[in-house]
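Dropping a structure here in structure tokens format, bear with me for questions.
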Amino acid sequence: MKILIDIGHPGHVHYFRNLIRNLQKGNNEIIVTARERDVVFSLLEFYKIKYFNRGKGNNSVIGKLSYMFFADWKLLMLSIKQKPDLFLSFSSPYAAQVAKIMGKPHIAINDTEHTDKTHAKFTYPFSSKILTPKSYQNDLGSKQIRFNNVVEGLYLHTNYYKPNPAVLNDIGVKKDEKFVLLRFVSWHAHHDYGQSGLDINAIRILIELLENKYKVFISSELPLSEEFQKYKLQISPEQMHDVLYYASLFIGESGTMASESAFLGTPCVYINSLPLMCYLKLEQEAGILKHFPSSLGVVEYVEQIIQDDELKEKAIKNATKMKERFIDPTAFLTWFIEKYPESSKIMKENPDYQFNFK
């Protein structure tokens, strides 16, 4: 089978890289299209995944709409030439729309409820199936199939991820030295319009507070101002998960990194005005993550929790308990794609079939 996978975000590289290997082992041909954004290309090259460049995109509303026509055209021309049998993406409107034009199935994955209004217009009508975590709070109708894990399990499941302690030497952390990662986003994503996170004053107070007990690192999508340059985390993109694994605490505005931290057993403070998404809500209920819609109350909460010398150990224990019933979503997705459309019928009749993939 020939499968086209569209990638628009660095996280998507991680979502699909293990799946790509599995599918290739099954003698399937994989075509990857990718947006020229952030570290997408460098990650694809690091994992030795060949790809087609579908352009940079645009951050303005008008620019996004014009880019949709451009990306659709590029994917359509490629698809006419390559003739894929199936399309897969993390709810890419371009892949979905081109799949419809080509008369082929498109499988969408989503874990972010507040994007549903956009996807309901541009992605879901052109998709055959929509895979979401079991904890997903919205009902997407007959096309929806739920799996028992979070999407971070696609690459952080123990079947695929092993932490590399060499990263500690790379970032200059001594043995038994504790460190904290602060993460700031650019707020350029379409679902980030009008949203906010930590204010500058809270950031300054947090750093001053944390430095009494931890080494502090900052990772940011936007360039850091001069006052924060000394905290800049300097690593290769593929090392980020190792940093999150070994961190004593994560504080940030990124929902993806917050969830990754929680999944790996690192206590997390997530600051974002967006409503809490299903996977983050699940992790908060598990006692690994704490959400704040603004800076209000963050400093006081952090000041309280860092007094607990067993903070990290408790987070690891809670994460382990949360994951007891989780499946291996990559193994599940490999089966679902290779056996599609029969796999869809099986899941509709017996949703527990997924527990064959642990």
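The values are calculated or read from the model by the stated rules, or taken from the named source; none is laboratory data. Please read these numbers as outputs of a predicted model, since none were measured by experiment. Backbone-built Cβ (ideal geometry, glycine too); neighbour counts: all protein chains shown. These accessible areas exclude ligands, DNA and RNA; they are computed on the full protein's heavy atoms, side chains included. Shrake-Rupley method; radii C 1.70, N 1.55, O 1.52, S 1.80 Å.
Do you know which residues across region 31-51 are buried (at least 18 other Cβ atoms within 10 Å of the Cβ), aliphatic (A, V, I, L, M) and not in a helix (DSSP H, G or I)?
Once the filter is applied, which keeps residues that are buried (at least 18 other Cβ atoms within 10 Å of the Cβ), aliphatic (A, V, I, L, M) and not in a helix (DSSP H, G or I), region 31-51 yields ILE31, VAL32, ALA34, ILE49.
Next up: Quick one: would you say LYS339 is at pLDDT below 95, closer than 29 Å to ARG21 by Cβ and surrounded by fewer than 20 Cβ atoms within 10 Å (Cβ to Cβ)? I'd like the intermediate steps shown before the answer.
On the way: at pLDDT below 95: no; closer than 29 Å to ARG21 by Cβ: yes; surrounded by fewer than 20 Cβ atoms within 10 Å (Cβ to Cβ): yes.
Criteria not met by LYS339.
Please go through region 284-300 and give me each residue that is over 10 Å from ILE251 (Cβ atoms), part of a helix (DSSP H, G or I) and open to solvent by less than 70 Å² (accessible area, probe 1.4 Å), ordered by number.
Hits for region 284-300 are GLN284, VAL299.
Table: residues versus (1) aliphatic (A, V, I, L, M); (2) over 19 Å from the mean Cα position of the chain (by Cα); (3) at pLDDT 95 or above.
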{"site": "LYS129", "(1), (2), (3)": "no, yes, yes"}
{"site": "GLY141", "(1), (2), (3)": "no, yes, yes"}
{"site": "PHE147", "(1), (2), (3)": "no, no, yes"}
{"site": "GLY153", "(1), (2), (3)": "no, no, yes"}
{"site": "THR158", "(1), (2), (3)": "no, no, yes"}
{"site": "LYS162", "(1), (2), (3)": "no, no, yes"}
{"site": "GLU226", "(1), (2), (3)": "no, yes, no"}
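Follow-up question, since we're still on this one. Listed residues LEU44, LEU78, LEU19; which is more than 25 Å from ILE101 (Cβ to Cβ) and among the aliphatic types (A, V, I, L, M)?
Values: LEU78 fails: more than 25 Å from ILE101 (Cβ to Cβ); LEU19 fails: more than 25 Å from ILE101 (Cβ to Cβ).
Step by step, each of LEU44, LEU78, LEU19 is checked, and only LEU44 is more than 25 Å from ILE101 (Cβ to Cβ) and among the aliphatic types (A, V, I, L, M).
Report every pair of residues separated by at least 6 positions or lying on different chains whose Cβ atoms are under 8 Å apart, first residue within region 101-116 and among the hydrophobic types (A, V, I, L, M, F, W, C), second assigned to a loop (DSSP other than H, G, I, E, B) and open to solvent by 20 Å² or more (accessible area, probe 1.4 Å).
Hits for this filter: ILE107/SER128; ILE107/TYR340; ALA108/PHE90; ILE109/PHE90.
Find the residue count for region 301-330, including only residues that are of a type outside the set (Phe, Trp, Tyr), touching a residue at least 12 places away in the same chain (Cβ under 8 Å), more than 18 Å from LEU86 (Cα to Cα) and open to solvent by less than 60 Å² (accessible area, probe 1.4 Å).
12
When the residues of region 16-30 are filtered to those that are farther than 15 Å from LEU4 by Cβ and part of a helix (DSSP H, G or I), which remaining residue is farthest from the chain's Cα centre (by Cα)?
In the first step, residues of region 16-30 are kept if they are farther than 15 Å from LEU4 by Cβ; the result is 17-18, 21-22, 25-27.
Subsequent filtering for residues that are part of a helix (DSSP H, G or I) retains 17-18, 21-22, 25.
Numbers: ARG17: 13, ASN18: 14, ARG21: 19, ASN22: 20, LYS25: 24 Å.
Applying the filter and picking the extreme gives LYS25.
Go through region 244-258 and give me each residue that's within 18 Å of the chain's Cα centre (by Cα), under 22 Å from ALA202 (Cα atoms) and not aliphatic (A, V, I, L, M).
PHE250, GLY252, GLU253, SER254, GLY255, THR256
Which residue, of SER91, SER79, is open to solvent by less than 10 Å² (accessible area, probe 1.4 Å), part of a loop (DSSP other than H, G, I, E, B) and in contact with a Phe, Trp or Tyr (Cβ under 9 Å, 6 or more places away or on another chain)?
Numbers: SER79 fails: part of a loop (DSSP other than H, G, I, E, B).
Of the residues listed, the single one that is open to solvent by less than 10 Å² (accessible area, probe 1.4 Å), part of a loop (DSSP other than H, G, I, E, B) and in contact with a Phe, Trp or Tyr (Cβ under 9 Å, 6 or more places away or on another chain) is SER91.
For (1) in contact with a strand residue (DSSP E or B) (Cβ under 9 Å, 6 or more places away or on another chain); (2) open to solvent by less than 20 Å² (accessible area, probe 1.4 Å); (3) over 21 Å from ALA286 (Cβ atoms); (4) among the charged types (D, E, K, R), each residue gets a yes or a no:
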| residue | (1), (2), (3), (4) |
| --- | --- |
| VAL98 | yes, yes, yes, no |
| LYS104 | yes, no, yes, yes |
| ALA108 | yes, yes, yes, no |
| THR115 | no, yes, yes, no |
| VAL167 | no, yes, yes, no |
| LYS174 | yes, no, yes, yes |
